[in-house]
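The values are calculated or read from the model by the stated rules, or taken from the named source; none is laboratory data. Bear in mind that the values here come from a model prediction, so they are computed numbers and not experimental data. All Cβ positions, glycine included, derive from the backbone under ideal geometry; neighbour counts span all protein chains shown. The accessibility values were calculated without ligands, DNA or RNA, using every heavy atom of the protein model including side chains. Shrake-Rupley method; radii C 1.70, N 1.55, O 1.52, S 1.80 Å.
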Amino acid sequence: MEAIIKTVVALCMFINGELKEHRIQGSVSDCLKHKRIAERDKSTNMMYRCGKVQAELETNIDGSYSIKKIVKSK
């Protein structure tokens with residue numbers, strides 16, 4: 001399968017300054033909404049960020065995409 005490289009909006013979770021998880025969001029406003037929700041229950045060593053990133057995507061079983069790895073942040 002070929003790698004799909006695309007610019008997407010991602011919500012990224014950092015723990016102790018290290019990127020641990022990233023999720024594709026539909027828009028910047030969706031990302032900021034989910035960031036606010038996540039920050040309500042976060043622990044002190046967690047940080048969330050929204051941004052456009054160039055990512056390698058993989059196709060899920062249902063045909064949707066998820067981020068395999070971030071190639072470049074913008």
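Identify all residues within the stretch 18-42 that are in contact (Cβ under 8 Å) with a residue 12 or more places away in the chain and not in a helix (DSSP H, G or I); write none if there are none. Show your work before the answer.
Of the stretch 18-42, the ones in contact (Cβ under 8 Å) with a residue 12 or more places away in the chain are 19, 22-28, 30-32, 34-35, 38.
Passing the criteria: LEU19, HIS22, ARG23, ILE24, GLN25, GLY26, SER27.
Looking at the stretch 5-18, can you tell me whether even one residue there is surrounded by 11 or more Cβ atoms within 10 Å (Cβ to Cβ) and of a type in the set (D, E, K, R)?
Filtering the stretch 5-18 for residues surrounded by 11 or more Cβ atoms within 10 Å (Cβ to Cβ) gives 5-15.
Checking which are of a type in the set (D, E, K, R) leaves us with 6.
Among the residues of the stretch 5-18, at least one is surrounded by 11 or more Cβ atoms within 10 Å (Cβ to Cβ) and of a type in the set (D, E, K, R), which makes the answer yes.
Residues of the stretch 36-71 being among the hydroxyl-bearing types (Ser, Thr, Tyr) and either touching a Cys at 6+ places or on another chain (Cβ under 9 Å) or open to solvent by less than 60 Å² (accessible area, probe 1.4 Å) (or both), which ones? Write out each step before concluding.
The first filter runs over the stretch 36-71 and keeps only residues among the hydroxyl-bearing types (Ser, Thr, Tyr), leaving 43-44, 48, 59, 64-66.
SER43, TYR48, SER64, SER66 - these are the residues of the stretch 36-71 that are among the hydroxyl-bearing types (Ser, Thr, Tyr) and either touching a Cys at 6+ places or on another chain (Cβ under 9 Å) or open to solvent by less than 60 Å² (accessible area, probe 1.4 Å) (or both).
Give the residues of the stretch 43-58 that are polar (S, T, N, Q) and either within 23 Å of ILE5 (Cα to Cα) or part of a strand (DSSP E or B) (or both), sorted by residue number.
Going residue by residue through the stretch 43-58, those that are polar (S, T, N, Q) are 43-45, 54.
Matches in the stretch 43-58: GLN54 only.
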